[in-house]
Amino acid sequence: MDPSSKSPDDDDLRPEAGAARRPQPQPQPREWRFAQVFGERAAGEDVQEVDIISAIEFDKSGDHLATGDRGGRVVLFERTDSRDSASRSELERQDYPIARHPEFRYKTEFQSHEPEFDYLKSLEIEEKINKIKWCQTANNALFLLSTNDKTIKYWKVQERKVKRISVMNLNTSQSSGNGTTSSSSSSSSRAILPNGGCSEKLYNFPNNDLLFPPGECTSLRLPVVTGQDLNLVPRCRRVYSHAHDYHINSISNNSDGETYISADDLRINLWNLEISNQSFNIVDVKPANMEDLTEVITCAEFHPTHCNTLAYSSSKGSIRLIDLRQSALCDNHAKLFEEHEAPGSRSFFTEIIASVSDIKFARDGRHILSRDYMTLKFWDINMDSGPVATFQVHEYLRPKLCDLYENDSIFDKFECCLSGDGLRVATGSYSNLFRVFGCTPGSAEATTLEASRNPMRRQVANPTRPARTLTSLTRAVRRGGENPGVDANGNSYDLSTKLLHLAWHPTENSIACAAANSFLGTQ
């Protein structure tokens, strides 16, 4: 074959063929620092249950950030740094780019969901926001999806001009001062209108339409618009309900901008954004006999560029890739990604800790990041034999699995995220800690950070570990509550403070972390 006559898609089918032969330079480990915080509580202040953040998401541009809490509220933030303050000609004249880190400010908030009660099933539906997903913007308006356990809502947030009206010139002093004269000179009671006119028709004057009653206002000034204020007005455009029998655990937008999926424990439904009363069931793992149920769906996400491809994870630790072009009901998967356990290593906790709590596609769509309780795994969709990289997150907790099972901490669902350039991955842990790993081949970058004003505090080496006396043990119990412990580095950890939700900025090395009721930015 003539090399010049190869199809243009040949290179697309082998996106890393040339990169595999060339050694890639390793990115330098970053030194992370605190950026900003919203909702920081004072010392000793208790956190209200409704204020705890349960979802966090950047939009595709990175200019807006949305958080949802257990009280059903959605709070929006917007980027305020001077990224676009300079004109294009000024930026082109600069010899070197100025490094700017994203800074955000509060934009608006609204009540997305309210607590409900299902009378048919005698079930309370809490208002907690499970997931938030941004949709495509149009006409300077923001669009996003938010969901609780049963109902999905499509929101539009747009600036609207609110008119301010001037007051009218009613002269009440004149009217009250001449009230007696006016009443005595009139043979019958007359109703004075608010604009100073009179309801009784005056027959004494030939052109009585232009005259005013004696003693009243001598001129009439109509109200006028004195100014217009810009207010952000959220409006619920669609409500998608009564389509899930089980709790919704994830929603994901399609790259076509018209459809999205919602997943619960046993089903995945496909929706059109403009149609709220109809959805299509595309995945159904519910057996005919519920006693035969062995696994449930834990998360689902669309491919970032291929509108016909999506992936979903299960409680058994597997990830399935399906193609919507194969059939209307995708009973069969196109690819299956799972890591086979070593023989003889199975225990009571094996399946529990293998359950995948979150999956994310890389921006290029080539890789999938998954998080289970113990590890973070990086998959190549062209290699279904196993993950290309596995990052240990909670290995130090393996001896504590019995205690974690008793206090239900083993069922905590941690999220994961990838950087926009695909060089790093991150996930949360206990004691408001999160881990950042380099995912390029040969990278040994592994950083433990704290969601606080000093994120690198846990990086301080402690070569001489002091002996733990009875006093220090008592102090650790009081500080950590009912779940104190020590990690592999000798640092104490607290199971009651966990960082479940975090999001990576799509274009910057900046991570937004949800620590209880506070949102922190680290860069």
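The values are calculated or read from the model by the stated rules, or taken from the named source; none is laboratory data. What you are looking at is a predicted structure, and each value in this text was computed from that prediction instead of being measured. Heads up, the Cβs are rebuilt from the backbone with ideal geometry, glycines too, and the neighbour counts pull from every protein chain shown. Accessible surface areas use protein heavy atoms only, side chains included; no ligands, DNA or RNA. Shrake-Rupley method; radii C 1.70, N 1.55, O 1.52, S 1.80 Å.
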Under 5 Å, built H, 5+ apart or other chain: amide partners of GLU103: THR80, ASP81
Inter-part distance where region 407-429 and region 224-266 are each reduced to a Cα centre, Å: 25
Farthest positive-ward along region 297-383 dipole, Cα basis, beta-carbon charges - from ILE322, THR305, MET374: THR305
Other-chain or far-sequence residues with amide H under 5 Å of THR108's (modelled H): LEU76
Lys, Arg +1 and Asp, Glu -1 on Cβ, resulting dipole of region 259-377 about Cα centre, debye, nearest 20: 400
Heavy atoms of TRP155 accessible to a 1.4 Å probe, total area in Å² rounded to 10: 20
3J(HN,Hα) from dihedral phi, region 319-327, Karplus parametrisation 6.51/-1.76/1.60, rounded to Hz, x for glycine, proline: 10, 10, 9, 10, 10, 5, 7, 6, 7
Exceeding the 29 Å Cα-Cα cut-off - candidates LYS107/LYS377; LYS107/LYS316; LYS316/LYS360; LYS150/LYS360; LYS133/LYS377; LYS60/LYS161: LYS107/LYS377; LYS107/LYS316
Accessible surface of region 267-306 [probe 1.4 Å, protein heavy atoms]: carbon and sulfur percent: 49
Mean accessible surface per residue for region 350-406, computed with a 1.4 Å probe while every protein chain stays in place, in Å²: 40
Heavy-atom accessible surface of region 324-379: percent carbon and sulfur, 1.4 Å: 52
Accessible area per residue, Å², region 113-165 with all protein chains present, probe 1.4 Å: 58
Label-to-label distance, nm, for residues given as ARG237 and THR390 (7 Å Cα→Cβ offset): 4.5
Amide H contacts under 5 Å for ASP494, placed H, 5+ residues apart: SER431
Centre separation in Å (Cα based) which lies between region 337-400 and region 31-56: 29
Net charge dipole size for region 372-416 [Lys, Arg +1 and Asp, Glu -1 on Cβ; Debye, nearest 20]: 120
Under Karplus coefficients 6.51, -1.76 and 1.60, residue-wise ³J(HN,Hα) of region 434-439 in Hz, glycine/proline x: 9, 10, 10, 10, x, 10
